[in-house]
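The values are calculated or read from the model by the stated rules, or taken from the named source; none is laboratory data. Given the structure is predicted, the values throughout are model-derived calculations rather than measurements. Quick reminder, even Gly has a Cβ in these numbers, built from the backbone with ideal geometry, and neighbours come from all protein chains shown. Areas reflect the complete protein model, heavy atoms only, side chains present, ligands, DNA and RNA absent. Shrake-Rupley method; radii C 1.70, N 1.55, O 1.52, S 1.80 Å.
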Amino acid sequence: MRRPLVAGNWKMHGSTAENAVLIEQLINGIDGRREGAEVVVCPPFVYLPEVVRRLKGTPVRVGAQNVSAEPGGAFTGEASAAMLKDVGCEYVIVGHSERRAHYREDDAVIARKFRAVLGQGLVPILCVGETLDEREAGSTEAVVGRQLEAVLSLAGVASFARAVVAYEPVWAIGTGKNASPDQAQAVHRFIRDRIATGDGKIAGDLRIVYGGSVKAGNAAELFAQPDVDGGLVGGASLKGDEFLEICAAAG
Ligand code: 13P
């Protein structure tokens with residue numbers, strides 16, 4: 001039985017004051033039942049220690065949005081997986097499409113980041129997904145397959161026993177146009193089948209979450225799909241009430 005997961009990716013939003021209000025809403029509204037969804041928030045790097053402190057003793061976990069592939073050294077502006085662990089992170093988003101597109105992160109560096117996160121005992125949330133052009137060209141499975149393959153070949157299928165995969169079609173991110181439940185299910189199934197070719201048990205236990213314009217109004221139908229195990233939520237995770245509704249829709 002896979003426990004659903006809902007992660008809020010705050011992207012480059014928030015302030016000390018805004019975060020305090022949002023976290024207060026989450027703490028007051030969260031359903032902490034163990035059988036409910038696991039809830040994670042991923043604030044910008046600079047707010048991580050403060051958000052960890054505010055959420056201490058609550059069921060809400062904290063993740064980072066990015067990580068260096070390097071263990072340490074002269075890498076100005078970067079933060080290592082060990083540092084993220086040190087400040088209390090448990091999850092790390094790896095390979096978000098905004099990192100791939102705006103910062104030229106390729107499959108190889110993303111695979112190294114994934115391995116660095118696991119090396120510290122943290123849980124990577126590996127993002128995969130196709131652009132609109134790629135979907136229209138009929139290459140969704142080729143693209144997602146290639147993105148998975150890079151990580152599988154560096155880290156091995158066993159590493160997916162401690163990972164989460166997020167299917168985020170680029171055309172659905174921040175556009176208000178979510179993948180239909182059927183479209184999401186088809187790609188989630190493809191991802192699970194691909195992992196199953198390496199290890200059926202790991203594939204069966206792997207949480208595959210959907211991201212891309214998840215809202216309170218569409219979360220339930222997306223999460224009702226058999227291979228959709230929750231969501232990675234951008235814009236709607238900044239609104240306490242709506243994010244709580246999405247968490248409740250996951251279980
Ligand atoms: P939106 O929910 O704003 O579409 O963003 C999705 C996303 O990129 C989460 O990582």
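So what is Rg over Rh here for the range 4-46, counting just Cα atoms and using Kirkwood for Rh?
Working: Rg = 11.4 Å, Rh = 11.4 Å.
Radius of gyration over Kirkwood radius for the range 4-46 works out to 1.00.
At 0.890 mPa s and 25 °C, plugging the Kirkwood radius over alpha-carbon pairs of the range 1-77 into Stokes-Einstein gives what diffusion coefficient in µm²/s?
Working: Rh = 13.8 Å.
For the chosen part, D equals 178 µm²/s.
Quick one: if you stick a label point 7 Å off each Cα along the C-beta vector at ASN28 and ASP193, how many nm between them?
If labels sit at ASN28 and ASP193, their model points lie 4.7 nm apart.
Considering only Cα-Cα distances, which of the following residue pairs are longer than 25 Å: LYS177/LYS201; LYS56/LYS85; LYS85/LYS113? Mind showing how you got there, number by number?
Working: LYS177/LYS201 33 Å; LYS56/LYS85 14 Å; LYS85/LYS113 14 Å.
Listed pairs above 25 Å: LYS177/LYS201.
Which one of LEU154, GLY73, CYS127 has its Cα pushed farthest toward the positive end of the charge dipole of the chain, where Lys and Arg give +1 and Asp and Glu give -1 at the Cβ?
Looking along the dipole axis, the top candidate is GLY73.
Quick one: accessible area per residue over the chain, 1.4 Å probe, rounded to a whole number of Å²? Spell out each step's value before the answer.
On the way: 10930 Å² over 251 residues.
I get 44 Å² per residue for this part.
Please list, by residue number, every one of the trypsin sites (Lys or Arg not before Pro) in the range 1-65 that is coil in DSSP and has at most 16 other beta-carbon atoms within 10 Å.
When the trypsin sites (Lys or Arg not before Pro) of the range 1-65 are filtered for loop state and at most 16 Cβ neighbours within 10 Å, ARG2, ARG33, ARG34, LYS56 remain.
Let me know the whole percent of all Cα-Cα pairs from the range 177-251 that are separated by more than 22 Å. Don't skip to the end; give the middle numbers.
On the way: 662 of 2775 pairs.
Pairs farther apart than 22 Å: 24 percent.
Starting from the Cα of ALA17, step 7 Å along the direction of its Cβ; do the same at ARG146; then give the gap between the two resulting points in nm.
So the label points at ALA17 and ARG146 sit 4.7 nm apart.
Whenever you get a sec, compute what percent of the accessible area on the range 3-75 sits on carbon and sulfur atoms (1.4 Å probe). List each step's numbers first, then the result.
Details: 1950 of 3520 Å².
Taking all protein chains in place, the range 3-75 shows 56 percent carbon and sulfur surface.
In whole Å, what three semi-axes, largest first, describe the equivalent ellipsoid of the range 122-218 built from its Cα gyration tensor (square root of 5 times each eigenvalue)? Numbers along the way, then the final one.
Details: eigenvalues 103, 44, 27 Å².
So the equivalent ellipsoid measures 23, 15, 12 Å along its semi-axes.
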